[in-house]
1. For A:T18 and A:A228, calculate 0.36 nm times their separation in residues minus their Cα-Cα distance, and state this gained length in nm to one decimal.
2. Quick one: Cα centre-to-centre distance for the stretch A:226-261 and the stretch B:49-108, in angstrom?
3. Please state the charge dipole magnitude for the protein assembly as shown, taken about the Cα centre, from unit charges on C-beta atoms (+1 on K and R, -1 on D and E), reported in debye and rounded to the nearest 20.
4. Convert 10 °C to kelvin, take the viscosity as 1.306 mPa s, use the Kirkwood radius over C-alpha pairs of chain A as Rh, and evaluate the Stokes-Einstein diffusion coefficient in µm²/s, rounded to a whole number.
5. Could you tell me the extents of the stretch A:223-342's C-alpha atoms along the three principal axes, largest first, rounded to whole Å?
6. Compute the signed sum of charges (Lys and Arg +1, Asp and Glu -1) over the other residues within less than 14 Å, Cβ to Cβ, of A:H154.
7. Please compute, for peptide B:19-31, the average count of beta-carbon atoms on other protein chains lying within 10 Å of each residue's beta-carbon.
8. Need the C-alpha centroid separation for the stretch A:138-166 versus the stretch A:293-350, integer Å.
Amino acid sequence: MPTQPFKLHLKNLPLRLTEFFHKTEPLLFDQRHRVDVQVSDIAFSVSCDDEHVKHCIREAHCYSSAGHQHSIQLVVSSREMGGVKAWPVWADPWFQHREVEAELRNTPYRLHYFPDLDFWQIYNGETRRGIQLMRAFKAQPPWEPGAPLRNFIHWCLLDNGASLVHSGTIGLNGIGVLLAGEGGSGKSGTVLSALLNRMQSVGDDYVAIQMGQNVTAHRAFNTLKQDAKGIKRLGVSLPDDKELNWQSKYMLNLQEVSQTAVPEAIQIKALCLPEVTGSDQTSFSPATAREAFLALAPSGIFQIPCSGSEMFSFAARLSRRLPAYRVRLGQDPSEIADGFRRLLSNELAH
Amino acid sequence: MSDHKTFAVASDDIVFEEFDGEYVVLNLKSGQYFGLNAEASILWEAIVSGVTMDVLTKSIKVSNCIEPFLKTALDNGLLAETEIAVPQSNEAIIEKLAAIQSTPILSPYDDLSDLIVADPIHDVEPEAGWPVLPADRKV
């Protein structure tokens, strides 16, 4: 059966998405390959028609044997595999994420569309089912392989009172800090430096944050990123044929880099705003909640669609709850790690 | 401007949060962030809670400070005139308005637009790599 176009437009979008799920669900959720992923207390059962997709998801994610409270079903299907019977087509002259987010507010639906590649992610929070459609395995947005299913994971977390947050993490004995800041602030290099000096991390880019009695960061992805110069400076040895990603960065595996067991979660005690300053010594000074918020919120809100107002509010609550520090990074990776070790062992120990 | 005018947050695109008495406002449609100083935050709080222009004008002692604030907020789509708001007269907020002694400032965070276009993970000195800051950004 040939693939039929299924028109979507802003007008009546929730109704059309309901029809789309009715039309496609029975056909899609029984694909050849399956892979399980767990983030925080949410288990994702992913069905896909392409072995490459399965491999990519398995590499980037983890599955914990710990119990879960919520189960989500996702399907990842590509047109080249021939299993998609109805293909969405955006019928309005343009697609604007903010308009779509506003239209879907107070409905169970979330929608991301990347027109350049005809790449779709559609989620129904009521049935807890999501559909990702792409033309071919290689026709994914360049950031997707490093953090596959990121939008679905984030949307599911939001529906359960948690959120992905754009920050790195550093921990010691299960207690840690979030690292937030604009590009070039040194987040990933600091995380890698800490890992190489026997500290812990649950991620250098996006982590899942739960705010209950404590603030907890859960591992969402197994991947770390670092450029060639950073790799050299930190003394990490990589295979000669290791490929660079779309940002000309190497993708590393958190478990392979870490010198201690990688925890599933770290209790977060503070927000740190690193700055690459060229100082001799790493030093910490208090920052305001507003400064922490402005370091934490904008990039995540920009990068993850269909959740801007919720992320804004979540980042504000997180920033008000945690003490914040400006961190003037020193130049020696082991000295930087020692600085964070002292912070966690002294000021943040209780 | 008519004294009985009231204003409200322009749409669902406008979200705001308070940090120790100072608001940060985001226009989700434009992606632009705005910072309000403590005085502007009191004014914002009064306006979005439905305090009318005449009450604002009578309460604030600093001269000619409301119009510039409103112009910036209106020009950037943060506030809009509303006809259906029920005028509110909240004693606590009026006391805060009366205590304002310097100019309310509402200004965009222009530096955050750089963040949006930059590689948000690691833009560092391309030759030296982390942790070396690019030459044009050294402190």
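What follows draws every value from the coordinates through simple rules; no lab data is involved. Everything numeric in this text was worked out from a predicted model, so none of it was measured. FYI the Cβ positions are ideal-geometry reconstructions off the backbone, even for glycines, and counts take in every protein chain you see.
1. Full extension of this stretch gives 71.0 nm more.
2. 53
3. Charge dipole of the protein assembly as shown: 960 debye, to the nearest 20.
4. The calculation lands on 76 µm²/s.
5. Per principal axis, max minus min of the Cα coordinates gives 44, 38, 28 Å.
6. Net of charged neighbours comes to -3.
7. Averaged over the peptide's residues, the number is 4.
8. 19
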